[in-house]
2 protein chains.
Amino acid sequence: MAESPTLLLDLGHVLREARTDNRLSQEELGLRTGVHRNYIGGIERGERNPSVTAIATLADELGLKLSELFARLEDSRADERPGPAR
Amino acid sequence: MAESPTLLLDLGHVLREARTDNRLSQEELGLRTGVHRNYIGGIERGERNPSVTAIATLADELGLKLSELFARLEDSRADERPGPAR
């Protein structure tokens, strides 16, 4: 598999940020989406590899298009990219 | 769950288009990514709900960022949106 091992960690970080921006607890987001709060916690910690529909459900409730969610993720990775050698 | 029931069909359509744009068969894409060709076929037909890492692996091999892949999907849905009543 070619994907970076940090993909799920980065996804979790972006999701958690979007959730707290929406002033929702994991429990509240869970109640609104039907996704169990423990599962949301696992995604946010990068421990779960959610399906496309699960992530779409969460993004939708957080007012984000999937393209926006992944653009945020890609931006956060670009920020972490090492700069030129010092 | 709030996601549209057509999400997986639309995702499959966008993936198939990206694969054929890259002049790859399902088998070739499978060999390059380690994702079984039958599973790729299932995704393209909208029968599978792939994980984030599976879709990231396929998108990566097809030269697409996830944000681009989902933007294409969202654009295709916007095209299908019904116009004003006639």
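The values are calculated or read from the model by the stated rules, or taken from the named source; none is laboratory data. Everything numeric here is computed off the predicted structure, so don't read it as measured data. With ideal geometry, Cβ positions are generated from the backbone for all residues, glycine too; neighbour counts draw on all protein chains shown.
Taking interchain pairs and intrachain pairs at least six residues apart, which have beta carbon atoms under 6 angstrom, with the first residue in the range A:16-28 and of a type outside the set (D, E, K, R) and the second not in a helix (DSSP H, G or I)?
Final answer for the pair search is A:18/A:62; A:18/A:64; A:22/A:62.
Out of all the residues in the range A:75-85, is one or more at pLDDT below 95 and under 12 Å from the mean Cα position of the chain (by Cα)?
The answer is yes; a qualifying residue exists.
Those residues that are touching a Leu at 6+ places or on another chain (Cβ under 8 Å) and farther than 14 Å from residue A:8 by Cβ, I need them from the range A:25-51; list them, please.
A:29, A:32, A:33, A:35, A:37
Hey, can you tell me all the residues within the range A:54-81 that are among the polar types (S, T, N, Q) and crowded, with 16+ Cβ neighbours inside 10 Å?
A:57, A:67
When you scan the range A:19-68, how many residues do you find that are part of a helix (DSSP H, G or I) and either under 18 Å from residue B:6 (Cα atoms) or at the interface with chain B (Cβ under 8 Å from one of its Cβ atoms) (or both)?
14
Among the listed residues B:42, B:34, which satisfies the condition of being under 27 Å from residue A:40 (Cα atoms) and surrounded by fewer than 18 Cβ atoms within 10 Å (Cβ to Cβ)?
Details: B:34 fails: under 27 Å from residue A:40 (Cα atoms).
Exactly one residue qualifies, and that residue is B:42.
Can residue A:49 be described as closer than 25 Å to residue B:43 by Cα and among the polar types (S, T, N, Q)?
yes
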